[in-house]
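Structure first, commentary second.
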Amino acid sequence: MPKYTKKASRESRSTPYAIEFLLLQVMGNGTALCRVLMDPRVDPNLVDEDGDTPLFIAANLGNDRYVELLLGDPRVDPNITNEKNGATPLNAAANQGRNRCLELLLADPRVDPNLADEDGRTSLCMAAGLGEDRCVELLLGDPRVDPNLTNEKNGATPLYAAAAEGKDRCVELLLGDPRVDPNMTGEDGNTPLYIAANLGKDRCVELLLGDPRVDPSITNEKKGATPLNVAANQGRNRCLELLLADPRVDPNLADEDGRTPLCMAAGLGQDRCLKILLADARVNPNQADEDGRTPLNGAANRGKDRCVELLLADPRVDPNLASEDGRTPLNAAATQGKDRCVELLLADPRVDPNLAGEDGRTPLCMAAGLGRCLELLLADRRVDPNLADEDGRTPLCMAAFVGEDRYVELLLADPRVNPNQADDSGRTPLNGAATRGEDRCLKILLADERVDVCCADNNGQTPLVAASIQLLRSIDRVGATDGKDPTRCFVLMLKSRRIPIQNLAHSIAYLRHFMPNRRDVTVAEAGGAPLTQQQKAARLVVPVLEAQFKGERRWCAYCLKLTPDANLDLCGGCKQVGYCQQYVLEEMAGPDQTPCHVKHWKDGHRKECARFQEEEEERKGKQAEAGAEGGGGGGSGGGGKKKIGNCKKGRRR
């Protein structure tokens, strides 16, 4: 609370009297002051350039002798206010803690002790907020003083001001006056007890609770919070202990959002407050807020692991209680990726890890895009990794649909996961990845032998057809160099070597419906009606599929580009994959001009190439024979290295 300031000397005054008064004041010449006051021409109420009367200056600076002399002049008006801050001499004396001056002013019947300054503060309010306990005592001793007058701007009473500033002696004096109402609120809706608890003024809280008139259950008029609520919210441990020790305090009263003190402490990570609250047998640890969130749910949702630990240690806590949207604490923690909370909850045998929310999503479903949480849940043998949500989507479906390749890999590594479980629309994870164009997930799924590459959805679309349709929708992106080329999923399906001939035939028959006839093509090339997106895509895809059906390749095994108008050279070893840029002059070869067949060979094709496998087995056989003939010494006939599987020797078909 600010104090008024007044320098002991000034350069100029607006009246000769003010100058003489100040000089006399500095010189300490009381006799001269009396002489001045006896002059009838002198107006003792004139103000200086700061708007101060002589009485104001004397009271502000604590010159009680001059205050007494000035008050003895009947012409002096002791209630004239400062023109700039609206303060009276009594205000100034209270503000500066000038006890004797205050006493002299209060002894004058002309003085109004309840006048406030421009900030709405009475003399008592000022003294209380500034901890001027002797001034408070003097003011309360005057029966004219109203101890409940509120600040005109913020509605604060003197008791409120003292409690907010932690001025415990002033609080004690005010509570000792039977006229004081200790439950009056400020404009913010707070009682003195509420503001003391909010700001952690524990001694003031103790004094207020010691007064039987104080009601500790009065709530904030705007937020509906009690002093106990706000102490828990702000982490005021000592205030919380004092409030809980009072039998009048109800520890389960909630604010307007339905949050109890325990809910607040848990959600904000106030673990010390939480521990204090849980130690009170009256506290209900399962009382939920208006959204149905229990303290454990709130702590888990926000990742307050220490609070989660403390709550789980309490046998009264039900760890499976769900919020209104059906989310349990484990579900909430998994949704937010709070792995430490997930770990603590899974360690509790009471927790059911398969309880789902209203949308049917289990904690594992919600953690499908959150690595550490997913690992923790999969490591728990109680978790069923195939439980689906209300749309029939399993965690694997979700991860594949949104392109979370790392989590697709984690889920497939669990032997309990069914990679072919479809959602309500019949889409398997592979079908979903193909539909969404998630090529990385598609590649991982195709590498798993358990995955059915021919499983069709409810519309009869196989993953190959789904990849083709995805290409139809994104034809304008074909050839993109940012890794989002829609042909990638389509080529990966063909490259997997897992598509049976019947599935190829089915896909060709389905997509031929979109093929433009010769007239449509001629008109479009002549500048007439352009081909539709579907027609453009069908012209790109159908020739590739027809070539595949015949054993030809019109897709590059390395860069995954399509060449619908030309067959590519096949690998000379396996005759299963083709490459663009098959022959490159040696002088053109460089870091960025290496042919795709060379890159693919080094990238691992030599391990899957049929010729390589045959020749590798032959080489190992010869080494074994040579070793047997040489007594295990490794003969020279079969131990030499041999260049095998050279993909440069390809052929056109």
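The values are calculated or read from the model by the stated rules, or taken from the named source; none is laboratory data. The shown structure was predicted, so the numbers you read here are calculated from the model rather than taken from an experiment. Virtual Cβ from ideal backbone geometry, glycine too; neighbours counted across all protein chains shown.
Between Asn233, Asn220, Asn229, which is of a type in the set (S, T, N, Q) and in a loop (DSSP other than H, G, I, E, B)?
Asn220
On the given criteria, is Pro247 without any contact (Cβ under 8 Å) to a residue 24 or more places away in the chain and either of a type in the set (D, E, K, R) or more than 22 Å from Pro158 (Cα to Cα) (or both)?
When the stated conditions are applied, Pro247 passes them.
Results for (1) of a type outside the set (A, V, I, L, M); (2) within 24 Å of Asp202 (Cβ to Cβ); (3) out of contact with any Pro (no Cβ under 7 Å at 6 or more places or on another chain); (4) part of a loop (DSSP other than H, G, I, E, B), shown as yes or no for each residue.
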position: Ala92; (1), (2), (3), (4): no, no, yes, no
position: Asp108; (1), (2), (3), (4): yes, no, no, yes
position: Asp112; (1), (2), (3), (4): yes, no, yes, yes
position: Arg121; (1), (2), (3), (4): yes, no, yes, yes
position: Gly131; (1), (2), (3), (4): yes, yes, yes, yes
position: Cys135; (1), (2), (3), (4): yes, no, yes, no
position: Pro143; (1), (2), (3), (4): yes, no, yes, yes
position: Lys153; (1), (2), (3), (4): yes, no, yes, yes
position: Tyr160; (1), (2), (3), (4): yes, yes, no, no
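Would you pick out the residues in the stretch 478-530 that are hydroxyl-bearing (Ser, Thr, Tyr), in a loop (DSSP other than H, G, I, E, B) and at pLDDT 85 or above?
Ser496, the sole residue that qualifies.
Regarding the stretch 241-259, can at least one residue be identified that is farther than 25 Å from Asp188 by Cβ and of a type in the set (A, V, I, L, M)?
Yes, the stretch 241-259 has at least one match.
Quick one: Ile475 ticks every box in (1) closer than 30 Å to Asn418 by Cα; (2) buried (at least 20 other Cβ atoms within 10 Å of the Cβ) bar one, so which box is it?
(1)
Just checking, does the stretch 439-452 include any residue being farther than 22 Å from Phe490 by Cβ, surrounded by fewer than 24 Cβ atoms within 10 Å (Cβ to Cβ), out of contact with any strand residue (DSSP E or B) (no Cβ under 6 Å at 6 or more places or on another chain) and among the charged types (D, E, K, R)?
Yes, some residue in the stretch 439-452 is farther than 22 Å from Phe490 by Cβ, surrounded by fewer than 24 Cβ atoms within 10 Å (Cβ to Cβ), out of contact with any strand residue (DSSP E or B) (no Cβ under 6 Å at 6 or more places or on another chain) and among the charged types (D, E, K, R).
With the structure loaded, tell me whether Lys304 is touching a helix residue (DSSP H, G or I) at 6+ places or on another chain (Cβ under 9 Å), under 22 Å from Arg238 (Cβ atoms) and surrounded by fewer than 19 Cβ atoms within 10 Å (Cβ to Cβ) or whether it fails that test.
no
List the residue pairs whose Cβ atoms are under 6 Å apart, where the first residue sits in the stretch 390-410 and is touching a residue at least 40 places away in the same chain (Cβ under 8 Å), the second is crowded, with 19+ Cβ neighbours inside 10 Å and assigned to a helix (DSSP H, G or I), and the two are 6 or more positions apart or on different chains.
If the second residue must be crowded, with 19+ Cβ neighbours inside 10 Å and assigned to a helix (DSSP H, G or I), the pairs left are Ala399/Tyr407; Ala399/Val408; Ala400/Val408; Ala400/Pro429; Ala400/Gly432; Ala400/Ala433; Ala400/Cys441.
Sort through Gly129, Gly120, Gly155, Gly141 and tell me the only one that's without any contact (Cβ under 8 Å) to a residue 60 or more places away in the chain and out of contact with any Ser or Thr (no Cβ under 9 Å at 6 or more places or on another chain).
Criteria check complete, one pass: Gly141.
For the stretch 261-293, give me each residue that is within 20 Å of the chain's Cα centre (by Cα), among the charged types (D, E, K, R) and assigned to a loop (DSSP other than H, G, I, E, B).
Asp289, Asp291, Arg293
Quick test of your reading of the structure: Ala322 fulfils all but one of (1) out of contact with any helix residue (DSSP H, G or I) (no Cβ under 8 Å at 6 or more places or on another chain); (2) over 24 Å from Arg236 (Cβ atoms); (3) aliphatic (A, V, I, L, M). Name the failing condition by number.
Unmet condition: (1).
Hey, can you tell me all the residues within the stretch 112-170 that are within 44 Å of the chain's Cα centre (by Cα) and basic (Lys, Arg)?
Arg121, Lys153, Lys167, Arg169
Which numbered condition trips up Leu208, out of (1) over 28 Å from Cys341 (Cα atoms); (2) in a loop (DSSP other than H, G, I, E, B); (3) hydrophobic (A, V, I, L, M, F, W, C); (4) modelled with pLDDT of 95 or more?
Leu208 satisfies every listed condition except (2).
Let me confirm something: among Leu70, Leu104, which residue is under 26 Å from Leu175 (Cα atoms), touching a residue at least 24 places away in the same chain (Cβ under 8 Å) and outside any loop (DSSP other than H, G, I, E, B)?
Testing whether each residue is under 26 Å from Leu175 (Cα atoms), touching a residue at least 24 places away in the same chain (Cβ under 8 Å) and outside any loop (DSSP other than H, G, I, E, B) leaves just Leu104.
Restricting the stretch 395-453 to residues that are of a type in the set (S, T, N, Q) and in contact with a Leu (Cβ under 9 Å, 6 or more places away or on another chain), which is farthest from Ser474 (Cα to Cα)?
Only one residue tops the list, namely Asn418.
Quick grid of which residues meet (1) among the charged types (D, E, K, R); (2) in contact with a helix residue (DSSP H, G or I) (Cβ under 7 Å, 6 or more places away or on another chain):
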{"residue": "Val308", "(1), (2)": "no, yes"}
{"residue": "Leu311", "(1), (2)": "no, yes"}
{"residue": "Asp348", "(1), (2)": "yes, yes"}
{"residue": "Ala356", "(1), (2)": "no, no"}
{"residue": "Asn386", "(1), (2)": "no, no"}
{"residue": "Thr394", "(1), (2)": "no, no"}
{"residue": "Ala413", "(1), (2)": "no, no"}
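Would you mind stating whether Lys222 is modelled with pLDDT of 95 or more and touching a Gly at 6+ places or on another chain (Cβ under 6 Å)?
no
Tell me which residues, restricted to the stretch 549-574, are over 54 Å from the mean Cα position of the chain (by Cα) and of a type in the set (Lys, Arg).
Within the stretch 549-574, Lys550 is the sole residue that qualifies.
Is one or more of the residues making up the stretch 328-338 more than 30 Å from Lys275 (Cα to Cα), without any contact (Cβ under 8 Å) to a residue 40 or more places away in the chain and surrounded by 17 or more Cβ atoms within 10 Å (Cβ to Cβ)?
No: zero hits.
Condition check ((1) touching a strand residue (DSSP E or B) at 6+ places or on another chain (Cβ under 7 Å); (2) surrounded by fewer than 16 Cβ atoms within 10 Å (Cβ to Cβ); (3) not β-branched (Val, Ile, Thr)) across all residues:
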site	(1), (2), (3)
Cys135	no, no, yes
Leu140	no, no, yes
Val145	no, no, no
Lys153	no, yes, yes
Ala162	no, no, yes
Arg179	no, yes, yes
Leu193	no, no, yes
Asn198	no, no, yes
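Go through (1) out of contact with any Gly (no Cβ under 8 Å at 6 or more places or on another chain); (2) touching a residue at least 12 places away in the same chain (Cβ under 8 Å); (3) of a type in the set (Gly, Ala, Ser); (4) under 23 Å from Leu344 (Cβ atoms) one by one and return the number of the condition Gly200 breaks.
(4)
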